[in-house]
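Working notes, beginning with the structure itself.
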Amino acid sequence: MSNETMIAATGENQVLDIEKIRNDFPVLQRMVKGHPLVYLDNAATSQKPAAVIDALVHYYTHLNANVHRGIHTLAEEATAAFEATRDVVRSFINAAQREEIIYTKGTTEGLNLVAYTWGRKHLREGDEVIISGMEHHSNIVPWQVVCEEKNAVLKVIPITDKGELDMEVFHQLLSERTKIVSVVHVSNALGTINPVKAIIDAAHAKGAVVLIDGAQSSMHLDIDVQDLDCDFFALSAHKMLGPTGAGILYGKSSLLEEMPVFLGGGEMIKEVTFEKTTYNELPYKFEAGTPNIADFVAFKPAIEYINKLGKEKIRAHEDALLSYATEKIKETEGVKIIGEAEQKASVLSFVIDGVHPQDIGILLDNKGIAVRTGHHCAEPLMSRFCIPGTIRASFAVYNTLAEIDLFAEALKKAIKILR
Amino acid sequence: MTTKTIQEIEAEIVDEFSLFDSWDDKYEYIIDLGKRLPPLDEVFKKEENKVKGCQSTVWLVADYQDGKIIYKAESDAIIVKGLISMLIRVLSGHTPDEILNADMDFINKIGMTSHLAQTRSNGLRAMVKQMKHYALAFKSLRFNA
């Protein structure tokens, strides 16, 4: 790609050196089916910079020990590295205290934790839980389980044709019966950025708490949980350049303190007798068992990498990629974009008249281009648009306009062969 | 009705695929097969005829005529239709025993299993499994008759 286009892609005075960034991601150097990899499945998981991979290797080579327990040197060093990530995450999302940062396996576990602890304690018969029509299955199923158990009612904010939340209906759904609102910040299937601040304020006015699914947003948007005033916020490390199997649940300490425990075991206890167990303090109360130490240690360099580039610059580059790709795809005959919200982040979902998404996925893969095809774990959303699934290209900071050209060209050829 | 054995047809397909230089050509051929696969009558497109384990929707039905099984199938995705077309070419018109004994190794030999992503190659296996289930069902019917 020429310097001119690179500057265009990042906006004036905000130039990121994309080629330099690409060199930090070893997997981007590989070939797939005889072609250089074009990785456009970033909404599923992001690739990892060498700093993250090195941290994993360094941990197992030099530090490996169980955390919090031992008095020996390795245990102390491993604990320090493991806990250092908590401070970096606290600052990354601007939580008030490090104790509000709970380590989880990922966003899914964070959402389940809130449903099964806060939900089980607070929901009563006839109470209402509000989710939206664009939730990932992980923010639907736990609420269905808990609502059924408690005879509570699950309400769903409908989606407009453009792929935005129908806020008018949301305000009508909201009432004194509403106990919790659990919504996605950025839709994994459509890219829509939801007005979560307005949702949180309105829910609080009715006395409800709010959980934000930040799996897609945490890499792309500035997250300030105090400014948002959300009660819970869940994210996954692997969608933000970090390792898989590590995630964060943020919760306001006042809520976390009074919530029952989730999993029982080691680490989460203060004292155990057969008559009664008392529980450890936050955040350890929710962190039973030996945690995923190495991956949390390696999550820190991922966040530091994002901080070093700067979210504003990342966002500017991704926005440029998204609008360039959107224009390119629109030129293609028979393409219908699914999700045309005013505010979008990094996801381009579309269908093609008379062509099955899976066929496109196979033919693009044959050219080394990785996209996602299918329902994106959001079947109710697909039903809303009367489609079985979409083709989804999702972008990250290391993608280039030249890659989008390759994608658009391969897409045109695939359609021609398939028609 | 075919007089070739399953092994002979498998060998034919392996030969045909050896002529292709690239996967581009292989896919174009498979897509072409998919386009030419006769559509399945709408009455057969119901839940009970769906093959489980496929990402796209696949309907498969089988008929038993003069000791031989005739398969008909369709999918909403063209590449899958092309793959089905090859499976039908290999297995349709043979006896339940012949079908049950077929190793279907041509799928490996033409490189399909290594080229398709795991999830899609599972779908292909699911189709073969379903075809063999029909063979088993017709075989036990024959014994019970």
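The values are calculated or read from the model by the stated rules, or taken from the named source; none is laboratory data. Here the structure is a predicted model, which means the values were calculated and not measured. Note that each Cβ is placed from the backbone with ideal geometry, even for glycine, and that neighbours are counted across all protein chains shown. Side chains included, ligands, DNA and RNA excluded: accessible areas come from the protein's heavy atoms. Shrake-Rupley method; radii C 1.70, N 1.55, O 1.52, S 1.80 Å.
Some observations on this one:
- Surface/4 of the Cα convex hull for the stretch B:1-57, nm²: 6.1
- Cut-off under 5 Å, modelled amide H: who pairs with A:VAL38 long-range: A:ILE369, A:ALA370
- Gaussian network model of chain A, springs between alpha carbon atoms under 10 Å - residue of A:GLU257, A:GLU125, A:GLU135 with greatest fluctuation: A:GLU125
- In chain A, the longest principal axis of the Cα atoms and the axis of helix A:401-418 are about 70 degrees apart.
- Heavy-atom accessible surface of the stretch A:180-220, averaged per residue, reaches 18 Å², computed with a 1.4 Å probe.
- Shielding by partners - mean other protein chain Cβ count within 10 Å, residues of A:362-371: 3
- Heavy atoms of chains A and B lose about 1400 Å² of accessible surface on contact, summed over both sides with a 1.4 Å probe.
- Tilt relative to chain A, helix A:293-309 - C-alpha long axis, 0 to 90 degrees, to 10: 50
- Here the stretch A:102-224 yields Rg over Rh of 0.94, to two decimals, using C-alpha coordinates and the Kirkwood radius.
- Translational diffusion coefficient (Stokes-Einstein; Kirkwood radius from C-alpha pairs) of the stretch A:1-144 at 20 °C, 1.002 mPa s, in µm²/s: 107
- Using alpha-carbon coordinates, inclination of helix A:141-150 to the longest axis of chain A, degrees: 40
- With every protein chain in place, the stretch B:20-87: carbon and sulfur % of accessible area (1.4 Å): 46
- Think of the protein assembly as shown as a dipole: +1 on every Lys or Arg Cβ, -1 on every Asp or Glu Cβ, centred on the Cα centre; then among A:PHE25, B:ASN144, B:TYR64, B:ASN144 lies furthest on the positive end.
- Shown in residue order for the stretch A:188-202 are the 3J(HN,Hα) couplings computed by the Karplus curve 6.51 cos²θ - 1.76 cosθ + 1.60 at θ = phi - 60°: 5, 8, 10, x, 4, 8, 8, x, 5, 4, 5, 5, 4, 4, 5 Hz (x for Gly and Pro).
- Rg [Å, one decimal], Dmax [Å, integer] - chain A, C-alpha atoms: 22.1, 71
- Cα centroid separation, the stretch B:31-87 to the stretch A:332-407: 26 Å.
- Using only the C-alpha atoms, the convex hull of the stretch B:6-140 corresponds to 103 Å³ per residue.
- Taking the Cα centre of the stretch A:53-307 as origin and assigning +1 to Lys and Arg Cβ atoms and -1 to Asp and Glu Cβ atoms, the resulting dipole is close to 320 debye.
- With every protein chain in place, chain A: carbon and sulfur % of accessible area (1.4 Å): 52
- Burial of 20 Å² or greater, the stretch B:23-47 residues [accessible area, probe 1.4 Å, versus chain by itself]: B:ASP24, B:TYR27, B:GLU28, B:ILE31, B:LYS35
- Normalised by the number of residues in chain B, the mean separation of alpha-carbon contacts (under 8 Å, six or more apart) gives a relative contact order of 28 percent.
- At least 27 Å along the helix axis (C-alpha) and Kyte average at least -1.0, DSSP helices within chain B: B:118-144
- Taking amide H as placed 1.01 Å from N in the peptide plane, A:LEU263 has its amide H under 5 Å from the amide H of A:ALA288, each at least 5 places away in sequence or on another chain.
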